[in-house]
Amino acid sequence: MKDDGRSLKAVGLMSGGLDSTLAARVLKEQGVEVIGLHFNTGFCTVDHRRAIARKDEDPRRLRNPALQAGAEAQVEVRVVDVADEYIEMVKHPRHGYGAAANPCIDCRIFMLNKAREVADQEGADVIFTGEVLGQRPMSQHRNALDLIEKETGLAGRLLRPLSAQHLRPTDAEREGRLDRERLLSIKGRSRREQERLADEMEIDEYPQPSGGCCFLADRNFGRRFHDLVREEDATGRKVGRDEIMLLKVGRHFRLSATLKAIVGRDEAENAFLDRFRAGRWRLQALEHLGPMTLVQAPAGEEDGLKAAAAITARYCDGHGQPWVKVRATLFDASLEPEEAADRVLEVEPAPESDLAAWRV
């Protein structure tokens, strides 16, 4: 490798998965100074498991995967919060969605643009990812990789170390500051070569691939997300972090264009929902054990509130009774001090046919 008296610095995307861990390690073994970036988008399943705090959760599943990957790769990893901007991008991505609500190409462009800002501040010549040519059908075929490079303006700087020998060399490679022969030639969907390298480099802990670390790749979550975006488009009521957090728990029922009920499925979800009661109705059966239901109901949605009460009754221990009393409490948006308006609704538990029609 050519020595021009200036050490090579690289900034890269670190998801916490094996591919980005290997990419960082490959560069570090060439003496490159590596800075990993992990973007908090608001859609990480690990962050959610930590937030909901189930008593029986395996603590190992609560660790930040990127920080763990940084330890395995022996590189610095910075966690950067981009959730507000990212949520806006995900609502209407220019290049569309995958099978659920995953905007893979727009996601990569977004993150690389953020990485470029850090790279420019740090004086880094290279921006790297753990992408593998041909591994993912939407975002890692050659045309998609070329499109991402073009739209980010990173020609000559964007490096995919695991597939570098199949792709155009970066400026650092052409100048001899990075040894292309020591970069890799992995391609396709098989994981065997990555697993072999992990064993060779003594990288012991890493999550299995499948998009499982991102809620947006989950079809059930995607269905709820698209429903919420349609509500925002129809009503102008902004979807922000709280609304995204609420998509991750409970049973969801769309009762009207402006009203949705979210029903907790266990004690942990009930406690989680209760943290978001400000400005919403909270419903619970009065005389029976059962779930908490959260409803953001605008004025005039009397029928919708009764329907939410009927759903609450259906999932409580008294669902076999002809009538169930449900307390509905509307909490002031500020909760400083907490103020609430109470009412009791006596309702018939909702039949399964209604649940099926409303379920999101």
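The values are calculated or read from the model by the stated rules, or taken from the named source; none is laboratory data. Since we're looking at a predicted model, the values are computed, not measured. Using ideal geometry, Cβ is built from the backbone for each residue, glycine included, and neighbour counts are taken over all protein chains shown. Calculation scope for accessible area: heavy atoms of the full protein, side chains included, ligands and nucleic acids excluded. Shrake-Rupley method; radii C 1.70, N 1.55, O 1.52, S 1.80 Å.
Which whole-Hz ³J(HN,Hα) couplings does the range 42-48 yield from phi under the Karplus relation 6.51 cos²θ - 1.76 cosθ + 1.60, θ = phi - 60°, glycine and proline marked x?
Coupling constants for the range 42-48: x, 10, 7, 5, 5, 4, 5 Hz.
Report D for the range 268-331 in µm² per second (integer): Stokes-Einstein, Kirkwood Rh on Cα pairs, 37 °C, 0.692 mPa s.
Translational D for this selection: 277 µm²/s.
Find the percent of Cα-Cα distances in the chain that exceed 39 Å, and round it to a whole number. Walk me through the numbers on the way to the answer.
Values: 18729 of 64620 pairs.
Value for the chain: 29 percent of Cα pairs lie more than 39 Å apart.
Quick one: which residues, 5 or more positions from Leu255 or on another chain, have an amide H under 5 Å from its amide H? H modelled 1.01 Å from N in the peptide plane, none for Pro or chain starts.
Lys260, Ala261
Would you work out the charge dipole size for the range 201-263 about its Cα centre, treating the Cβ of every Lys and Arg as +1 and the Cβ of every Asp and Glu as -1, and quote it to the nearest 20 debye?
Dipole size: approximately 560 debye.
Compute the relative contact order of the chain as a whole-number percentage, counting only Cα pairs closer than 8 Å that sit 6 or more residues apart in sequence.
15 percent
By how many degrees, between 0 and 90 and to the nearest 10, does the Cα long axis of helix 302-314 differ from the longest principal axis of the chain?
80 degrees
Under 5 Å between amide H atoms, partner at least 5 residues away or on a different chain: which partners does Gly250 have, H built in plane at 1.01 Å?
When sequence neighbours closer than 5 places are left aside, the close amide H contacts are Arg265.
In whole percent, what relative contact order does the range 20-137 give with Cα contacts below 8 Å and a gap of six or more residues?
With pairs under 8 Å counted, the relative contact order is 31 percent.
When the Cα atoms of the range 125-190 are enclosed in a convex hull and the volume is divided per residue, what value in Å³ results?
It comes to 72 Å³ per residue, whole-number rounded.
Residue by residue through the range 97-109, which ³J(HN,Hα) values in whole Hz follow from phi under the Karplus form 6.51 cos²θ - 1.76 cosθ + 1.60 (θ = phi - 60°), with glycine and proline marked x?
Calculated HN-Hα couplings, in order: 10, x, 6, 10, 10, 8, x, 4, 5, 5, 4, 5, 4 Hz.
Check which residues have an amide H placed less than 5 Å from Val77's amide H, if you skip close sequence neighbours.
Gly36
Please give the solvent-accessible surface of Trp358 in Å², to the nearest 10, using a probe radius of 1.4 Å with every protein chain present.
Its heavy atoms expose roughly 60 Å² to the probe.
Using the Karplus curve 6.51 cos²θ - 1.76 cosθ + 1.60 with θ = phi - 60°, work out ³J(HN,Hα) for each residue of the range 178-183 in order, rounded to whole Hz, and write x for Gly and Pro.
With coefficients 6.51, -1.76 and 1.60, one gets 9, 7, 4, 5, 8, 7 Hz.
Treat every Asp and Glu Cβ in the range 212-360 as -1 and every Lys and Arg Cβ as +1, leave all other atoms uncharged, and give the resulting dipole magnitude about the Cα centre to the nearest 20 debye.
500 debye
Based only on Cα atoms, what Rg/Rh ratio does the range 11-106 have, Rh being taken as Kirkwood's radius?
Expressed as Rg/Rh, it is 1.02.
Grab the chain and count how many Lys pairs have their alpha-carbon atoms under 20 Å apart, sequence gap of 8 or more, or different chains.
Lysine pair count for the chain: 14.
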